[in-house]
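Presented below is the structure to which this report refers.
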Amino acid sequence: MEPSPPLTEVILTYPRQSLGKVPLDGTLQPGAYLELEGKTYAVLERRHRYQFKAGRYRLHQISLYVQKAQQPAEKSWMDGRWVIGDATCQLNAQSELIRCAVNPDGPCADCRYYESRKNQG
């Protein structure tokens, strides 16, 4: 009989702090969202640590590194997924986690750095 997986430690990246150890299934990968104590977090990284015992490696620890998920008012549908901000801008990061480098907090409307994305092809 396989032992149950260890509790997953959820770590907030900034400010760096542990949010506790919780039982989670193995499906949360980077880009997914996690609801914990009424707050929503975006999963940035997942780490597994193994320990060598009785001649084999066993899963010893699981850590999820998260950031507070922002519910942006500005979202664009791009290539089958939602991205933050105006996807028609050349500077948009095309990401669910960050809007762009020059104006990460937004808003995109009336941004002085807006550059129209050129058609590729």
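A few remarks follow.
- Cβ charges +1 (Lys, Arg) and -1 (Asp, Glu), total dipole of the chain, debye: 540
- The value of relative contact order for the stretch 8-68, using C-alpha pairs under 8 Å at least six residues apart, is 36 percent.
- Cα convex hull volume per residue for the stretch 36-79 (Å³): 102
- THR27, THR40, THR8 arranged by Cβ crowding within 10 Å, fewest neighbours leading: THR27, THR40, THR8
- Net charge of neighbours whose Cβ lies under 15 Å from the Cβ of GLN17, counting Lys and Arg as +1 and Asp and Glu as -1: +2
- FRET efficiency for the pair SER63 and ALA93, taken as 1/(1 + (r/R0)^6) with r the Cβ-Cβ distance and R0 = 30 Å, rounds to 0.75.
- Here the relative contact order of the chain, from alpha carbon pairs under 8 Å that lie six or more residues apart, stands at 18 percent.
- Per-residue Cβ neighbour rank within 10 angstrom, fewest leading, SER4, SER76, SER18: SER4, SER18, SER76
- Pair-distance distribution of the chain: all C-alpha pairs, bin width 5 Å, starting at 0; shares per bin in whole percent are 2, 10, 17, 17, 14, 12, 10, 7, 6, 4, 2, 1, 0.
- Between TRP77 and TYR14, residue separation times 0.36 nm minus the direct Cα-Cα distance comes to 19.9 nm.
- Under 17 Å from the ASP105 label point (7 Å along Cα→beta-carbon), backbone N, the stretch 1-33: 14-15
Throughout, read-outs are computed from the coordinates displayed, never taken from laboratory work. Since this is a predicted model, take the numbers as computed values, not measurements. Cβ coordinates were reconstructed from backbone atoms using ideal geometry, including for glycine residues, and neighbour counts include every protein chain displayed.
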